[in-house]
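Chemist: Below are the structure tokens for one structure; questions will follow.
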Amino acid sequence: MCGRPIRGKAHRVMIAGAILSVCSACAKYGVPVKSPVKTSKSVKGVVKRRYGVRRPSFRFEDEFEVVEDFSRRIREAREALGWTKEILAERVKEKVSVIRRIEAGEMLPTLALARKLEHILKVKLLERVPEYSPPSVRRRSSELTLGDVAEIKFKKKR
């Protein structure tokens with residue numbers, strides 16, 4: 001909370017309903033929280049393992065987003081093919097109301113639907129999101145910390 005680096009062991013405390021890892025100086029403002037003990041469920045001494053489909057190391061959704069003028073591009077491509085909204089809805093296996101809302105700009109298509117529309121209408125609807133690089137680890141004195149903006153309420157001593 002104070003922004004100082006934590007030296008030694010971090011203290012897990014609950015402050016205003018949020019569980020935080022704080023330094024020993026800030027730990028006095030919260031209630032200590034014990035971390036749950038992790039136990040493995042076993043059957044006759046054998047640890048159960050979960051086998052399932054392994055997820056890929058990257059996700060398509062994390063790399064692409066729908067372009068801003070998607071509604072105009074979809075409408076113009078549909079009209080260029082001479083299709084009605086009903087025909088397009090049938091081709092992408094969606095409701096006509098969904099196509100109508102997308103073309104009106106009232107609804108953002110999901111990435112899966114945008115891929116279908118790209119394939120059927122032969123238009124570009126998805127663009128690669130620029131890679132995010134987190135700010136450097138060094139802290140400048142002008143940066144705010146949680147302690148700068150939080151109001152700390154002190155308990156009255158009786």
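Values quoted throughout were computed directly from the atomic coordinates according to the rules given, and no laboratory measurement underlies them. Since the model is a prediction, treat every value here as computed from it, not as a measurement. Here the Cβ positions follow ideal geometry from the backbone for every residue, glycine too, while neighbour counts run over all protein chains shown.
Chemist: Pick out, in residue order, every one of the trypsin sites (Lys or Arg not before Pro) in segment 83-133 that is DSSP loop and has at most 15 other C-beta atoms within 10 Å; say none if there are none.
Modeler: Hits after loop and neighbour filter: Lys93, Lys95, Lys122, Lys124.
Chemist: Further, regarding this structure: I'd like the Kirkwood hydrodynamic radius of segment 60-128, using the inverse of the mean 1/r over distinct C-alpha pairs, in Å.
Modeler: Result for segment 60-128, one decimal place: 11.8 Å.
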